[in-house]
Every structure is written in C-alpha cells, then in structure tokens.
1. State which residue pairs qualify: first residue within 13 Å of ILE137 (Cβ to Cβ) and inside the range 109-121, second residue among the aromatic types (Phe, Trp, Tyr) in any location, beta carbons under 6 Å apart, and separation of 6 or more residues or different chains.
2. When the residues of the range 158-182 are narrowed to those that are at pLDDT 95 or above and of a type in the set (Ser, Thr, Tyr), which ends up farthest from ILE105 (Cα to Cα)?
3. With respect to LYS139, determine if the residue is surrounded by 20 or more Cβ atoms within 10 Å (Cβ to Cβ), closer than 25 Å to VAL53 by Cβ and touching a strand residue (DSSP E or B) at 6+ places or on another chain (Cβ under 9 Å).
4. If you check ASP140, ASP96, ASP196, ASP128, which single one turns out to be at pLDDT 95 or above, over 22 Å from HIS71 (Cα atoms), touching a Lys or Arg at 6+ places or on another chain (Cβ under 8 Å) and not polar (S, T, N, Q)?
5. Being at pLDDT below 85 and part of a helix (DSSP H, G or I) is the filter here; which residues of the range 31-66 pass it?
6. So which residues in the range 67-111 are buried (at least 21 other Cβ atoms within 10 Å of the Cβ) and not in a strand (DSSP E or B)?
7. If we keep just the residues of the range 112-139 that are of a type outside the set (D, E, K, R), in contact with a Cys (Cβ under 9 Å, 6 or more places away or on another chain) and not in a helix (DSSP H, G or I), which is nearest to PRO158 (Cα to Cα)?
8. I'd like the full set of residues that are under 14 Å from TYR59 (Cα atoms) and of a type outside the set (D, E, K, R), limited to the range 94-128.
Amino acid sequence: MLDSKDSHQPKNAEYERATQWSGGEAGFTPAETIQSNGIDSKSSLSLLGAKNVSYPQTYSPQVLETFENKHPEVDYFVKFNCPEFTSLCPITGQPDFASIYISYIPAIKMVESKSLKLYLFSFRNHGDFHEDCINIIAKDLIKLMEPKYLEVWGKFTPRGGISIDPYVNYGIPNTKYEQMAQHRLLNHDLYPEKIDNR
C-alpha cells in the first residue's frame, strides 16, 4: 500500500463530499450532485479523436489526460486490462512484457483511456525494475486523478524461469478507502484477475 506521504490531499469541498458519501448517510442523498469543479470534459482532451498522434519514445506522464466523473457520489470501480505493457531491464536492457491491471474508484477526475495507452507505451524504452514500473504508474495516476482508491497489478512474463507480479494500492488516508486498501493488500491473491493474456 502506498504511504500517505505519497498521497495528495483533497483540495476542495466538492472532493470532500465525493469521498465521504457512503450510501445514504444523513444529510446527503444519491440524488444530490456535485457542482462542476472547473474540469471541462471536452476541451481538456486533446488525444481522443485526434488523428496522427505520435507515440512517445521516452517516459511521458505529461500525456495523461482526465475528464470529469459525472457520478462522484457513487462508489464504483473502473478497471483497465493492459496486456501489451513493455519496459526494459535497467541492467541488461532486455525487454520485459506484462499485463497491467489498473482498478480505481474515481472521485472528481477520471483518466482518459487513449492517454493512458500512450502513457503506458512510453515505458517501452524506459529502464526500470518490474516493481518500480508498477509503483511509478500508481503514483502518476494518484497525482493525476486523486482517486478515492487505486490499485495497480503487474503480471510480468517469466524471465529466467521466474515471473514477478508486483501489486500496489492506495486509499485516501484516514478514510474507509485506506482501510479497504489495507484489506485488499493483505488479500489481493485471493481475488486474482480472471483475464490472463500471458
């Protein structure tokens, strides 16, 4: 589980409301909606629908884009199955291949999938160990979206007869999402992803 010192604290009242609702607590009903927080869902997306997009050749977290979550009062999972992840061993320069599973409970912002694809592609010539890649991805997505909860699981293909499957997660500190993160970290192998592209 990522430590709270790596987290980004809530920045506004809308975010606080989005992260504190747990299904009908007093004073807040699902019918209430959160006012727009300045995220323009259309104008902030430059990659979706664009033609001739160039793929980054170096690690590029700046390509990540977000759009507004229209249902921040509801806790729901968004899951990405990314079966074509590639990075380089920082020592030998040999390629490493993995399926990356990203799951999160959004608060105010959500990651746009084409920008996520380009971001993950940017690791292709990036040299880092498996564990580092997964932690970098998690930290970049936490910084980008400030989700209620996030987990990243890498299932790397074997090299030298050993496969490495790093798992990292995060929940907003001092909330039920931090408790959820602790529980899922202790039990993550009990709930393996059913999609397997290895």
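The values are calculated or read from the model by the stated rules, or taken from the named source; none is laboratory data. In this text the structure is predicted, and so the values were computed from the model without any measurement. Cβ: placed from backbone, ideal geometry, glycine included. Neighbour counts: every protein chain shown.
1. If the second residue must be among the aromatic types (Phe, Trp, Tyr), the pairs left are LEU120/PHE85; PHE121/TYR55.
2. TYR167
3. Values: surrounded by 20 or more Cβ atoms within 10 Å (Cβ to Cβ): no; closer than 25 Å to VAL53 by Cβ: yes; touching a strand residue (DSSP E or B) at 6+ places or on another chain (Cβ under 9 Å): yes.
When the stated conditions are applied, LYS139 does not pass them.
4. The match here is ASP96.
5. Keep residues of the range 31-66 that are at pLDDT below 85, which gives 31-55.
Within the range 31-66, none qualify.
6. Matches in the range 67-111: ASN69, PRO72, PRO106, ALA107, ILE108.
7. PHE129
8. Of the residues in the range 94-128, the ones under 14 Å from TYR59 (Cα atoms) are 115-128.
Answer for the range 94-128, where residues must be under 14 Å from TYR59 (Cα atoms) and of a type outside the set (D, E, K, R): SER115, LEU116, LEU118, TYR119, LEU120, PHE121, SER122, PHE123, ASN125, HIS126, GLY127.
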